[in-house]
Amino acid sequence: MFLSPQQCIYCGSPIEPGERWVRQKIYEPALNGREPRYHRYHADLFDGQELSCWEKHLVEQEIVRMTARAA
């Protein structure tokens, strides 16, 4: 799935002008001289949600870390 720079990497929905968002820099080895890339996430809640896309991403990352430590 290809996402434009103005889309949330978590939900795939567009990030509209005026919406708050978070940009996460992705560090990769510069094997071929590429520039760093960024993931963008919605920072605000959607109706009926308890966590933003950014917060959900952070929770998922923490679950992965905790699972890796337990193994």
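The values are calculated or read from the model by the stated rules, or taken from the named source; none is laboratory data. Source: prediction; values computed, not measured. Neighbour counts are summed over all protein chains in view; Cβ atoms, including those assigned to glycine, are modelled from backbone coordinates with ideal geometry.
Residues of segment 1-37 that are part of a loop (DSSP other than H, G, I, E, B), modelled with pLDDT of 90 or more, closer than 19 Å to GLU60 by Cβ and not β-branched (Val, Ile, Thr): CYS8, TYR10, CYS11, GLY12, SER13.
Screening segment 40-54 for residues that are among the acidic types (Asp, Glu) and exposed (fewer than 11 other Cβ atoms within 10 Å of the Cβ) and picking the one that is modelled with the highest pLDDT gives GLU50. Looking at HIS57, is it of a type outside the set (Asp, Glu) and modelled with pLDDT under 95? Answer is no for this residue. Residue count for segment 38-48, restricted to those that are aliphatic (A, V, I, L, M) and either touching a strand residue (DSSP E or B) at 6+ places or on another chain (Cβ under 7 Å) or not in a loop (DSSP other than H, G, I, E, B) (or both): 1.
Here's the yes/no breakdown for (1) in contact (Cβ under 8 Å) with a residue 40 or more places away in the chain; (2) surrounded by 15 or more Cβ atoms within 10 Å (Cβ to Cβ); (3) under 15 Å from GLN7 (Cβ atoms):
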position: LYS25; (1), (2), (3): no, no, no
position: TYR38; (1), (2), (3): no, no, yes
position: HIS57; (1), (2), (3): yes, yes, yes
position: GLU62; (1), (2), (3): no, no, no
